Amino acid sequence: MTRFILALLCVLCARPAVAHITPPVTLTSDRDAVAALLPGAKRYFVREVRLTGAEREAIRQQTGWTPDEDFYRFYLGRDDQGRTSGAVAFLSDYTIHGPVRVAVGIGPDGRIRGAKVIEVTEETYPWVKALVDRGFLDQFEGSDARAALQTTQSGGGTMVRFYGDVIRGLVQRGAILYDVGVRRRGAPPQ
């Protein structure tokens, strides 16, 4: 029995040493991202979207990705006349080096307005910062959910390219979720 308890203690103590988690680094606040990605918006509203089984399947067939959240939250902006000026969705991907969180701004027509990396871990920060510093996110502006987003791989090492693909995937998912969960369903309630 003593050996069992000793072995259990060793396993429990060793687990934190094996974990690969570093502290988060916030690159921009949610509030600043929403304001930057919804220029001209004077009022903001939250719309939670629960995808139907058919919508999830349509997304899977189109992209190979199956949405796994119970619901997705969109921050909708409206102008002075009450017209929807766009939406922002926050999406995360959990990599071996920790989560990457991105905000995706989408216009009412479903075209990507822009994207911002919100949060990464200390370990991933240098790789993601290299992408952000060279304007990597700018290439997605004007694309829509039906377009297969490609990343321009100019320079950087393997990890920079890996995180470029992670971010590209998150931006694509944001556009697809808006297209299926908001735009195709019609105008949101006023």
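If you plug each phi of segment 108-116 into the Karplus form 6.51 cos²θ - 1.76 cosθ + 1.60 with θ = phi - 60°, what whole-Hz ³J(HN,Hα) values come out, in order, with x for Gly and Pro?
x, 7, x, 7, 6, 8, x, 8, 9
Count the net charge of all other residues whose Cβ sits under 14 Å from the Cβ of residue 95, scoring Lys and Arg as +1 and Asp and Glu as -1.
Here the charged neighbours net out to -2.
Can you list the residues, at least 5 places off or on another chain, whose amide H is less than 5 Å from the amide H of residue 95, using H built in the peptide plane?
Amide H neighbours of residue 95: 100.
Binning every alpha carbon pair distance of segment 81-182 at 10 Å from zero, what are the percents per bin?
Pair shares across the bins are 16, 49, 27, 7, 1.
Between residue 27 and residues 5 or more places away or on another chain, which pairs have amide H atoms under 5 Å apart, with H built 1.01 Å from N, and which residues are they?
Long-range HN contacts for residue 27: 119, 120.
Could you sort the peptides 116-129, 56-69, 163-176 by per-residue average Cβ neighbour count (10 Å cutoff), highest mean leading?
163-176, 116-129, 56-69
I'd like the distance between the alpha-carbon centres of segment 38-87 and segment 121-145, rounded to an integer number of Å.
22 Å
When only Cα pairs under 8 Å and 6 or more residues apart are kept, what is the percent relative contact order across segment 15-134?
Once normalised by length, the contact order is 29 percent.
Report ³J(HN,Hα) in whole Hz for each residue of segment 79-95, in order, from the Karplus equation J = 6.51 cos²θ - 1.76 cosθ + 1.60 where θ = phi - 60°; Gly and Pro get x.
After applying 6.51 cos²θ - 1.76 cosθ + 1.60, I find 7, 4, 8, x, 7, 5, 9, x, 8, 10, 10, 10, 10, 10, 10, 9, 9 Hz.
Taken together, the values in this text are just the output of simple stated rules run on the coordinates, not laboratory data. Computed from a predicted model, the values in this text were never measured in an experiment. Every residue, glycine among them, receives a Cβ derived from its backbone with ideal geometry; neighbour counts consider all protein chains shown.
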